[in-house]
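Trainee: Next up is a structure, given as structure tokens.
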Amino acid sequence: MEDPKSIGLYGESKKLTPAGVSSPVRAFGPNPLFIDSGKGCMIKDVDGNEYVDLCMAYGPLLTGHACREVVDAAEAQIKKGTIYGAPSVPELKLIERLCQIMPSYEMVRLAVSGTESTMHAIRLARGVTGKDGFVKMNGGFHGAHDAVLVAAGSGSAQGVPGSLGVPKDAVKNTYTVEYNDPEMMSSLLEKNKDIACVIMEPVMGNVGVVPPEKGYLQEVRKITRENGVILIFDEVITGCRLSEGGAQKFYGVTPDLTTMGKVIGGGFCAGAFGGKRELMENVAPQGKVYAAGTLAGNPVSAAAGLAQIDYMRQNDRYDKLNNTTKELVSSLRDSMEDRRVEGCVQNVGSMFAVYFGKESVKNGTEATQVDRETYLRMFRYMLDHGVYLPPSALEVSFMSSAHDDKAVKKIADTFDGFLSEMKA
Ligand SMILES: *Cc1c(COP(=O)(O)O)cnc(C)c1O
């Protein structure tokens, strides 16, 4: 039998790029698949195998692969030029839409990635307050810049870099607290007066899916306000996903600043940070906090992103998507219960995560205690049976508006097949 093309391509690729991938999470053993195309909720690899996709590029593809409305918008813009280095109408239209739908947005600056957005938002908070400290959650992920690479997945202590090459000085003002623990946050903020901001994912999405307990986000809003600390919601995943107005609208809690990415680019590079006018007016060149990017706010991303957002805002698509996800999640839970497998499925909107070995996960520390081995066995089984999950127990499984009943049934049946085999 001929070797699958993916194996050959991977052999070539890993000689020239570390582990053969452009971002670490994409690597899995024995070899990652090379994807040739995607349409709706399906992807096809270079060997012609098809999969129901639950990875969905880790978040951007809210309307599925190659959604016609998104492709048309991007194509029309590409034909008019891809970038001008000057303001353009697609940027303005996206900014107007974001200010209309995101409760916290009075002014917005576009960027190229989620990483840039959080880097700029933290700099803005530090610049405005003149304070160097900031707080993040244990297990909270905010991209790949130095200051946030502390406890960005596994529980390292405050001030210890999560990567080689990050100077200790770059993270010495980075504090971590546990998610869903308002007391821990308030005692830190009361003790330490050098804190500019708290940055957090309103729903933790880089340790699986960990929803806020009832009243937690309201409590965080109150604690930060009482201590004069800027609250930043990192909505790079949840923005325009949980609802058109992101998690802040979904839960009714408005932060001072919000970072976005993923969905707002419609599958192209994008980011944004924004919030209160009196804060955003400090961004250069209006103010003295520097934020810049050659490709920032490029019109192709803006046109595609706006098309994706507006597609979702029609015909109750958010409600339908969230309901479809709920149905899938309830069959997955039923399977686990029927087969007496210890674990849980956590879900908010169109995000869900299957955890083995724990009945619930409520913060970053608990997420490190799940049974990752069994998850990997499930990942492999699902892949072999035509369902493409993210290859890590601590990533989100994403649904899109393109996932239909047939896809839901396929996922549920395959998952049940895995559990039955696992129990046999
Ligand atoms: C993906 C992600 C980022 C980083 O975004 P990139 O576009 O990959 O740089 C930041 N914050 C959160 C919450 C994310 O999920």
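Readers should treat all values here as calculations from the given coordinates under stated rules, not as data from a laboratory. Just so it is clear, the structure is predicted and the values come from calculations on it, not from any experiment. Backbone-built Cβ (ideal geometry, glycine too); neighbour counts: all protein chains shown.
Trainee: How do Asp404, Asp256 line up, fewest other C-beta atoms within 10 Å first?
Mentor: Fewest-to-most ranking of Asp404, Asp256: Asp404, Asp256.
Trainee: Related question: From zero up to wherever the largest Cα-Cα distance of region 68-312 sits, split into 5 Å bins and tell me the percent of pairs in each.
Mentor: Each 5 Å bin holds this share of Cα pairs: 1, 7, 14, 19, 20, 16, 11, 7, 3, 1, 0, 0.
Trainee: While we're here: What does the charge dipole of region 1-40 about its Cα centre add up to, to the nearest 20 debye, if the Cβ of each Lys and Arg holds +1 and the Cβ of each Asp and Glu holds -1?
Mentor: Dipole size: approximately 180 debye.
Trainee: With 18 Å as the cut-off, how large is the P(r) tail for region 1-144, expressed as percent of Cα-Cα pairs?
Mentor: 74 percent
Trainee: Let me ask something else. I'm checking a number: the convex hull volume of the Cα atoms of region 328-412, normalised per residue, in Å³. What is it?
Mentor: Cα-based convex hull of region 328-412, divided per residue, equals 93 Å³.
Trainee: If you don't mind, there's one more thing I want to ask. When the chain is treated as a GNM, springs tying every alpha-carbon pair under 10 Å, which of Gly266, Gly40, Gly297 comes out with the largest mean-square fluctuation?
Mentor: Of the options given, Gly40 has the highest mean-square fluctuation.
Trainee: Give me Arg126, Arg277, Arg109, Arg339 sorted ascending by neighbouring Cβ count inside 10 Å, so fewest comes first.
Mentor: If I rank by nearby Cβ atoms, fewest first, I get Arg277, Arg339, Arg126, Arg109.
Trainee: Rounded to the nearest 500, what is the chain's calculated 222 nm mean residue ellipticity when only DSSP H runs of at least 4 contribute -39500 (n - 2.57) each, over all residues?
Mentor: -11500 deg cm²/dmol
Trainee: Also, I was wondering about something else. Give the average over all directions of the projected area of the C-alpha convex hull of region 46-89, one decimal, in nm².
Mentor: Result: 5.1 nm².
Trainee: Here is a follow-up. Can you order the peptides 80-92, 24-36, 341-353 by their average number of other Cβ atoms within 10 Å per residue, highest first?
Mentor: Top of the packing list down: 341-353, 24-36, 80-92.
Trainee: What net charge do the residues around Ala407 carry, taking every other residue with its C-beta under 13 Å from that of Ala407, with Lys and Arg at +1 and Asp and Glu at -1?
Mentor: Summing Lys and Arg as +1 and Asp and Glu as -1 gives -2.
Trainee: Considering the options Phe415, Pro211, Pro87, tell which one lies farthest towards the positive end of the dipole of the chain, charges being +1 on Lys and Arg and -1 on Asp and Glu at the Cβ, about the Cα centre.
Mentor: Among Phe415, Pro211, Pro87, the one farthest towards the positive end of the dipole of the chain is Pro87.
Trainee: Continuing with this model, one more query. Could you compute Rg(Cα) / (2.2 N^0.38 Å) for the chain, with N its residue count?
Mentor: That works out to 0.96 for the chain.
Trainee: To two decimal places, what compactness ratio does region 1-47 give when its Cα radius of gyration is scaled by 2.2 N^0.38 Å?
Mentor: Here the answer is 1.19, to two decimals.
Trainee: Please name whichever of Val289, His142, Gly275 sits farthest to the positive end of the charge dipole of region 68-312, dipole taken about the Cα centre and charges placed at Cβ: Lys and Arg +1, Asp and Glu -1.
Mentor: Most positive-ward Cα: Val289.
Trainee: Rounded to the nearest 20 debye, what is the charge dipole size of the chain about its Cα centre when +1 sits on each Lys and Arg Cβ and -1 on each Asp and Glu Cβ?
Mentor: Dipole size: approximately 820 debye.
Trainee: Can you give the direction-averaged projected area of the convex hull of the alpha-carbon atoms in region 149-277, in nm²?
Mentor: For region 149-277, averaging the hull's shadow over all directions gives 8.8 nm².
Trainee: If you don't mind, another one. What does DSSP give for region 68-312 in terms of the percent of beta bridges that are antiparallel, rounded to the nearest 5?
Mentor: In region 68-312, DSSP labels about 40 percent of beta bridges as antiparallel.
Trainee: Could you give the length gained on full extension between Ser187 and Asp371, defined as 0.36 nm per residue of separation minus the Cα-Cα distance, in nm?
Mentor: Length difference between fully extended and current span is 63.0 nm.
Trainee: Beta carbons within 10 angstrom, averaged per residue: use that to sort the peptides 186-193, 244-251, highest first.
Mentor: The packing order, highest mean first, is 244-251, 186-193.
Trainee: On a C-alpha basis, how far is the centre of region 9-37 from the centre of region 205-247 in Å? Whole number, if you could?
Mentor: Value for the Cα centre distance between the two parts: 34 Å.
Trainee: Just to confirm a number: summing +1 for Lys and Arg and -1 for Asp and Glu over residues other than Met119 whose beta-carbon lies under 15 angstrom from that of Met119, what do you get?
Mentor: Result for the local shell: 0.
Trainee: Still on this structure: Quick one: of Lys249/Lys276; Lys136/Lys191; Lys131/Lys193; Lys44/Lys326; Lys320/Lys358, which pairs are farther than 18 Å apart, Cα to Cα?
Mentor: With Cα atoms farther than 18 Å apart: Lys44/Lys326; Lys320/Lys358.
Trainee: Follow-up. Roughly what % of DSSP beta bridges within the chain run antiparallel, to the nearest 5?
Mentor: 60 percent
Trainee: Just to check I understand the Karplus step: with θ = phi - 60° and J = 6.51 cos²θ - 1.76 cosθ + 1.60, what whole-Hz values come out for region 201-216, glycine and proline as x?
Mentor: Ordered by residue, 3J(HN,Hα) equals 7, x, 10, 5, x, 10, 9, x, 10, 10, x, x, 5, 4, x, 5 Hz.
Trainee: Quick one: Karplus J couplings for region 33-43, per residue in order, coefficients 6.51, -1.76, 1.60, θ = phi - 60°, nearest Hz, x for Gly and Pro?
Mentor: 7, 8, 9, 9, 6, x, 8, x, 9, 10, 10
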